[in-house]
Amino acid sequence: MSAKIVIGLDGSGSGERAVAYAKKQAKQIGTCELIAVYVIEWSPYSFQTPEENEQRHKRREEETAAASSRVVTPAVDALKADGFSARGVVKHGDVADLLNSVAVEEGADQIVVARTSEGGFASRLFGSSTANLVMTATVPVTVVG
């Protein structure tokens, strides 16, 4: 069985630092799959009319497509071009919960996220979400600078 590393992406330079660290780890491990994950924060806890829910579903699909084409697919393509086994995932919901869920579902050995960013994932994550991820994750979490 090969090792797996989940990489939290945010679409900025900090995501690239997380990818770079994960690549170093994968090279040391040998046979390792890299799973690039982008989480679109999405709260299921709002009361809406059926029309609002329909619009929300459409917006969610549009956001997923945009995140895939702008962030996840380029990262996965670059990893594959560098010779790594890689694939991508886009999810909606709580950042910390979903990164951990993906890691558990995939049987990942660790989660790699960045500490700082120009905005997006890491700024959301390195507040209460990072603390939550670090304290509640069921696999090791590496936070890179």
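The values are calculated or read from the model by the stated rules, or taken from the named source; none is laboratory data. On a predicted model such as this, the values are computed, not experimentally measured, just so you know. Note that each Cβ is placed from the backbone with ideal geometry, even for glycine, and that neighbours are counted across all protein chains shown.
Annotations for the structure displayed:
- Here Lys4 passes the criteria (1) crowded, with 18+ Cβ neighbours inside 10 Å; (2) basic (Lys, Arg); (3) at pLDDT below 85 except the one numbered (3).
- For Lys80: the one exception among (1) of a type outside the set (Ser, Thr, Tyr); (2) farther than 22 Å from Ser14 by Cβ; (3) free of Cβ contacts under 8 Å to residues at least 24 places away in the same chain; (4) surrounded by 13 or more Cβ atoms within 10 Å (Cβ to Cβ): (2)
- Among the residues making up the stretch 20-38, those that are surrounded by 16 or more Cβ atoms within 10 Å (Cβ to Cβ), at pLDDT 95 or above and either farther than 17 Å from Val71 by Cβ or not aliphatic (A, V, I, L, M) (or both) are Tyr21, Lys23, Gln25, Ala26, Cys32, Glu33.
- Hits in the stretch 39-82 (condition: at pLDDT below 85 and among the small types (Gly, Ala, Ser)): Ser43, Ser46
- Only one entry in Val102, Val71 is buried (at least 16 other Cβ atoms within 10 Å of the Cβ), within 13 Å of the chain's Cα centre (by Cα) and under 18 Å from Gly13 (Cα atoms), namely Val71.
- For the criterion of being basic (Lys, Arg), surrounded by fewer than 16 Cβ atoms within 10 Å (Cβ to Cβ), touching a residue at least 12 places away in the same chain (Cβ under 8 Å) and within 25 Å of Thr136 (Cα to Cα), Arg17 fails.
- Scanning the stretch 59-103 for residues that are assigned to a helix (DSSP H, G or I) and not β-branched (Val, Ile, Thr) yields a total of 25.
- Selection status of Tyr21, assigned to a strand (DSSP E or B) and among the aromatic types (Phe, Trp, Tyr): no
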